[in-house]
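Peer 1: Okay, handing you the structure first.
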Amino acid sequence: MRSKRRIRWAAIPMAATLVVVLAGCTQAQLQGWLPGNADTTNETGDIMALWFTSWVILLVVGLVTWILIIWAAVMYRRRKGQTGLPIQLRYNLPIEIFYTVVPLILVLGFFAFTARTQNVLEARFDEPEVKIEAYGKRWAWDFNYLGGQTEDGQVVEGDAYTAGVQAVDAARGPQGSVNEELLPTLYLPVDTKVEIHLKARDVIHSFWVVDFLYKKDMIPGVDTNYFTFIPQEEGTFIGKCAELCGEYHSLMLFQVKVVSLDEYNSQVRQLKDAGFEGRLGDEYNANSTLPGTGAPEMLEHGEENTPGEENNEE
C-alpha cells in the first residue's frame with residue numbers, strides 16, 4: 001500500500017511537468033522541427049502528422065522505460081545490513097507477455113500508419129493539370145514543361161524547356177555561398193494538380209524539395225518514378241540532389257518557385273520566346289553512348305564500327 005502511494009505521488013508531478021512542457025512548445029517544436037508547414041503542399045500535413053506522432057509515442061515509451069529502470073534501481077537497491085544475493089525471480093509470465101506484446105503492437109502500428117501515408121503520397125492523379133519532366137544530370141537539372149489544362153478549363157502553357165547548369169560560387173558573400181540567381185528554376189502554378197516525371201541522364205540522383213518533405217530517386221533507365229502533389233503556398237523553395245552522385249554533388253541545387261497560373265504561363269511563354277521551345281528528351285542521356293546501347297563504337301585506330309559489323313583484321 002505504501003509503495004502504491006509513492007508511485008502515485010511520483011506520477012502526479014511528472015504528468016504535470018509533461019503538460020506544462022508540451023503547452024509551452026513553439027510551432028517549430030510542435031511540427032518536429034521540420035521545414036515548411038502543413039499547408040506547403042497537400043501532402044506535407046500528412047507527413048508532419050506521421051513524423052510528430054511517431055516521436056511523441058517514442059518519447060513516451062522512452063520516458064516510461066527510464067521511470068521503470070529508476071524505480072527498480074531505487075526500490076530494489078541493497079539496504080543497509082543486507083548481504084548475499086537477493087531473491088532471484090524468473091519466468092514471470094505476465095511481464096514476459098507484456099514486453100513481447102507491447103513492442104509488437106508498436107511495430108505493427110508504425111508500419112500500418114507509415115504504409116497508409118506512403119500510399120497517399122505515391123497515389124498518382126487520374127488527370128493531372130500540369131505535367132513536367134525533370135531530368136537529373138551531373139550536376140544540374142533539365143525541366144520540360146509539357147503543358148496541361150485545369151479542371152475549370154484554363155490552359156496551362158507547355159512545349160518549353162529550361163536546361164540548368166551547375167551551381168557556381170557567388171562572387172561575394174560568405175565562403176561556400178552560391179549565386180542563387182543562376183540556379184536552375186522550376187516554376188509551378190499554385191493550387192493545381194502537378195505531376196513531375198523523374199528521370200536521370202547518367203547516374204542515380206534524387207529529387208528533393210526540402211520544404212515539400214519529399215524526395216524520390218531518379219534512376220537511369222527507370223521510367224516509372226513520379227512525384228504528384230498540389231502546391232498550396234506561393235513562394236521560393238530550395239531543392240537539391242539527395243543522392244551522392246559524384247564530385248560536385250553538393251552544388252547540384254535548384255529552386256522551385258510556386259506562382260499564380262498567369263505568372264506560370266507568362267514564364268513558359270518567355271522561355272519559348274527566348275528560343276527554348278520543345279523538349280529535351282532521352283536523346284541527351286549520357287548513357288546512350290555507352291557500349292552495348294546500340295551507339296556506334298570506335299575501333300582502336302579511330303575507325304568507326306557500327307554494331308553487328310564484323311571487324312576483319314588480317
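The values are calculated or read from the model by the stated rules, or taken from the named source; none is laboratory data. Quick caveat: nothing in here was measured; it's all calculated off a predicted structure. Using ideal geometry, Cβ is built from the backbone for each residue, glycine included, and neighbour counts are taken over all protein chains shown. All accessible areas refer to the heavy atoms of the entire protein, side chains included, with ligands and DNA or RNA removed. Shrake-Rupley method; radii C 1.70, N 1.55, O 1.52, S 1.80 Å.
Peer 1: Within the stretch 123-140, is there a residue that is small (Gly, Ala, Ser) and surrounded by fewer than 21 Cβ atoms within 10 Å (Cβ to Cβ)?
Peer 2: yes
Peer 1: Going by the conditions given, is residue 119 part of a strand (DSSP E or B), on the phi < 0 side of the Ramachandran plot and of a type in the set (S, T, N, Q)?
Peer 2: So residue 119 does not fit the description; no.
Peer 1: While we're here: Being part of a strand (DSSP E or B) and either under 15 Å from the mean Cα position of the chain (by Cα) or surrounded by fewer than 18 Cβ atoms within 10 Å (Cβ to Cβ) (or both) is the filter here; which residues of the stretch 256-266 pass it?
Peer 2: Once the filter is applied, which keeps residues that are part of a strand (DSSP E or B) and either under 15 Å from the mean Cα position of the chain (by Cα) or surrounded by fewer than 18 Cβ atoms within 10 Å (Cβ to Cβ) (or both), the stretch 256-266 yields 256, 257.
Peer 1: Residues to consider are 175, 267; find the one that is out of contact with any helix residue (DSSP H, G or I) (no Cβ under 9 Å at 6 or more places or on another chain) and at pLDDT below 95.
Peer 2: 175
Peer 1: Also: Test residue 158 against the stated conditions and say whether it is surrounded by 13 or more Cβ atoms within 10 Å (Cβ to Cβ) and assigned to a loop (DSSP other than H, G, I, E, B).
Peer 2: So residue 158 passes the test.
Peer 1: Something else: Does residue 151 satisfy the condition of being within 37 Å of the chain's Cα centre (by Cα), surrounded by 10 or more Cβ atoms within 10 Å (Cβ to Cβ) and charged (D, E, K, R)?
Peer 2: No.
Peer 1: Hey, another quick one. Is at least one residue of the stretch 205-227 basic (Lys, Arg), open to solvent by 30 Å² or more (accessible area, probe 1.4 Å) and under 17 Å from the mean Cα position of the chain (by Cα)?
Peer 2: yes
Peer 1: Looking at residue 187, is it open to solvent by 30 Å² or more (accessible area, probe 1.4 Å), within 24 Å of residue 220 (Cβ to Cβ) and either part of a strand (DSSP E or B) or without any contact (Cβ under 8 Å) to a residue 60 or more places away in the chain (or both)?
Peer 2: Considered against the rule, which asks whether it is open to solvent by 30 Å² or more (accessible area, probe 1.4 Å), within 24 Å of residue 220 (Cβ to Cβ) and either part of a strand (DSSP E or B) or without any contact (Cβ under 8 Å) to a residue 60 or more places away in the chain (or both), residue 187 comes out as no.
Peer 1: Something else now. Which residues, taken from the stretch 56-85, are hydroxyl-bearing (Ser, Thr, Tyr) and open to solvent by less than 70 Å² (accessible area, probe 1.4 Å)?
Peer 2: Of everything in the stretch 56-85, just one residue is hydroxyl-bearing (Ser, Thr, Tyr) and open to solvent by less than 70 Å² (accessible area, probe 1.4 Å), namely 65.
Peer 1: Collect the residues in the stretch 228-254 that are open to solvent by 20 Å² or more (accessible area, probe 1.4 Å), touching a Phe, Trp or Tyr at 6+ places or on another chain (Cβ under 8 Å) and either of a type in the set (S, T, N, Q) or part of a helix (DSSP H, G or I) (or both), keeping them in residue-number order.
Peer 2: 249, 251
Peer 1: Related question: Just to check your reading of the model, which residue among 145, 91 is touching a strand residue (DSSP E or B) at 6+ places or on another chain (Cβ under 8 Å) and not β-branched (Val, Ile, Thr)?
Peer 2: Criteria check complete, one pass: 145.
Per-residue answers, yes or no, for (1) open to solvent by 70 Å² or more (accessible area, probe 1.4 Å); (2) at pLDDT below 75; (3) more than 15 Å from residue 210 (Cα to Cα); (4) in contact with a strand residue (DSSP E or B) (Cβ under 8 Å, 6 or more places away or on another chain):
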{"residue": "19", "(1), (2), (3), (4)": "yes, yes, yes, no"}
{"residue": "24", "(1), (2), (3), (4)": "no, yes, yes, no"}
{"residue": "29", "(1), (2), (3), (4)": "no, yes, yes, no"}
{"residue": "32", "(1), (2), (3), (4)": "no, yes, no, no"}
{"residue": "35", "(1), (2), (3), (4)": "no, no, no, no"}
{"residue": "54", "(1), (2), (3), (4)": "no, no, yes, no"}
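Peer 1: To continue, here is another question. If you scan the stretch 86-103, which residues turn out to be open to solvent by 100 Å² or more (accessible area, probe 1.4 Å) and either within 30 Å of residue 52 (Cα to Cα) or among the charged types (D, E, K, R) (or both)?
Peer 2: Answer for the stretch 86-103, where residues must be open to solvent by 100 Å² or more (accessible area, probe 1.4 Å) and either within 30 Å of residue 52 (Cα to Cα) or among the charged types (D, E, K, R) (or both): 90, 98, 99.
Peer 1: Another question, if that's okay. In this structure, is residue 165 closer than 23 Å to residue 281 by Cβ and among the aliphatic types (A, V, I, L, M)?
Peer 2: Details: closer than 23 Å to residue 281 by Cβ: yes; among the aliphatic types (A, V, I, L, M): yes.
Criteria met by residue 165.
Peer 1: Right, something else. What are the residues in the stretch 139-155 that are among the small types (Gly, Ala, Ser) and under 26 Å from residue 248 (Cα atoms), if any?
Peer 2: Step one: of the stretch 139-155, the residues among the small types (Gly, Ala, Ser) are 140, 147-148, 153.
Scanning the stretch 139-155 gives a single hit, 140.
Peer 1: If you check residue 108 against the conditions, is it open to solvent by 60 Å² or more (accessible area, probe 1.4 Å) and in a helix (DSSP H, G or I)?
Peer 2: Answer is yes for this residue.
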